[in-house]
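Below you'll find the structure, written out as structure tokens, and then a few comments.
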Amino acid sequence: MTSFTMEEFLLANQSLDPTRIPAHVAIIMDGNGRWAKARHLPRVAGHKQGMEVVKTITKAASRLGIKVLTLYAFSTENWKRPTSEVSYLMRLPVDFFGTFMPELIQENVRVQVMGELDALPAKTRQAADDAMADTAQNTGMILNFALNYGARDELVQAARSMAQEAKEGQLDPTSIDAQVVADHLMTRHLGALADPDLLIRSSGEERLSNFLLWQLAYSELVFTDTYWPDFTGAVLESCIVEYQARDRRFGGLTS
Ligand code: FPP
């Protein structure tokens, strides 16, 4: 658990090693509701502020040299929330891309959206498709939204599609290895960068909530008490400093 004082921020920023920035950072953006409740505001006010923070952190991550930023925007379980909140969350991508597209293009950021996109409302789906098309030529950081995403659902779909290919004689079951599985996951478009180096979860909760269960096998996990609407570039840098202090052995020994 990490909670930061101003002194720790300054210390952290001094010790950030710009040569060891994690290539792929994934974030579970949690705490919007509690942030709003603490201000006697409706929950959706937290989501609105959370969307503004996505803009700030996208720019901060791009400028730090992060190659892929994956953000958990809506899970396959979030449909259980009240209809009014779900409707608001479904409108956010429309607002986000509607207001932020010029800056995404200026920052050379490429947008990808992964998840069960067919189940999204038409306007949300259209906003996602347009954002991907409008930034397809950008060569900088990939801003990878997980939208109506669930890792178990992803693994079930991968199993189904491998079984189907095997049935049709296109895939030899004995050739299925970790790479073949990875090639059937929703992160396949990220190639060698599919697995996050660093997972951050905001708001003090310490669980994965059905996010990237396969891809996080060897990721470093950093938890911060900061609610997502209060998250800043300085908090991101502090999380990266914590990541840089870890000894990543991938099951082996320190060299
Ligand atoms: C979790 O907080 C947050 C979400 C379910 C939604 C996350 C969405 C955003 C941050 C905005 C996304 C922006 C775009 C561009 C799509 P919570 O509501 O579970 O908070 P709580 O645990 O405090 O109730």
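Who wins for biggest fluctuation among Asp30, Asp130, Asp172 in a Gaussian network model of the chain, springs between alpha carbons below 10 Å?
Taking springs between Cα atoms under 10 Å, the residue moving most is Asp172.
Please check: in the Gaussian network model of the chain (C-alpha springs, under 10 Å), which one of Pro82, Pro22, Pro93 has the largest mean-square fluctuation.
The residue with the greatest mean-square fluctuation here is Pro82.
For the pairs Lys37/Lys80; Lys80/Lys167; Lys59/Lys123, note any where the Cα-Cα span goes beyond 28 Å.
Lys80/Lys167
Which is farthest toward the positive dipole end of the chain among Tyr72, Leu185, Leu171, measuring Cα position about the Cα centre, with Cβ charges +1 (Lys, Arg) and -1 (Asp, Glu)?
Result: Tyr72.
Report the relative contact order of the chain, percent, no decimals, based on alpha-carbon pairs under 8 angstrom and at least 6 residues apart.
Relative contact order, the chain: 31 percent.
For a footprinting-style exposure proxy, rank Arg246, Arg34 by other Cβ within 10 Å, fewest first.
Starting with the residue having the fewest Cβ neighbours, the order is Arg246, Arg34.
Say a paramagnetic label sat at a point 7 Å from the Cα of Glu103, along Cα to Cβ; which residues of region 48-75 have their backbone N under 14 Å from it?
It comes to 49-63, nothing else.
Just to verify a number: FRET efficiency for Leu193 and Asp172, C-beta to C-beta distance, R0 = 22 Å, to 0.05?
Result of the calculation: an efficiency of 0.20.
Place a +1 charge on the Cβ of each Lys and Arg in region 1-152 and a -1 charge on the Cβ of each Asp and Glu, then give the dipole magnitude about the Cα centre in debye, rounded to the nearest 20.
Dipole size: approximately 340 debye.
Which residue fluctuates most in the GNM of the chain (Cα springs below 10 Å): Glu237, Glu165, Glu103?
Ranking Glu237, Glu165, Glu103 by mean-square fluctuation puts Glu165 first.
Let's see if you can work this out: charge +1 on each Lys and Arg Cβ, -1 on each Asp and Glu Cβ, no other charges. What is the dipole magnitude of region 11-77 about its Cα centre, in debye to the nearest 20?
My answer is approximately 220 debye.
Give me the percent relative contact order of region 93-210, please, defined on Cα pairs under 8 angstrom at least 6 residues apart.
The value is 25 percent.
Please list, ordered by chain and number, the residues whose modelled amide H lies under 5 Å from the amide H of Thr135; skip anything fewer than 5 residues away on the same chain.
It is Val111, by chain and number.
About the Cα centre, and with charges only on the beta carbon of Lys, Arg (+1) and Asp, Glu (-1), how big is the dipole of the chain? Nearest 20 debye, please.
Working: 25 positive and 32 negative charges, 112 e Å.
The calculated dipole for the chain is roughly 540 debye.
Given the DSSP H assignment, sum -39500 (n - 2.57) over each helix run of at least 4 residues in the chain and divide by its residue total; what's the result at 222 nm in deg cm²/dmol, nearest 500?
-14000 deg cm²/dmol
Throughout, read-outs are computed from the coordinates displayed, never taken from laboratory work. Remember, predicted model here, so these are calculated numbers, not experimental data. FYI the Cβ positions are ideal-geometry reconstructions off the backbone, even for glycines, and counts take in every protein chain you see.
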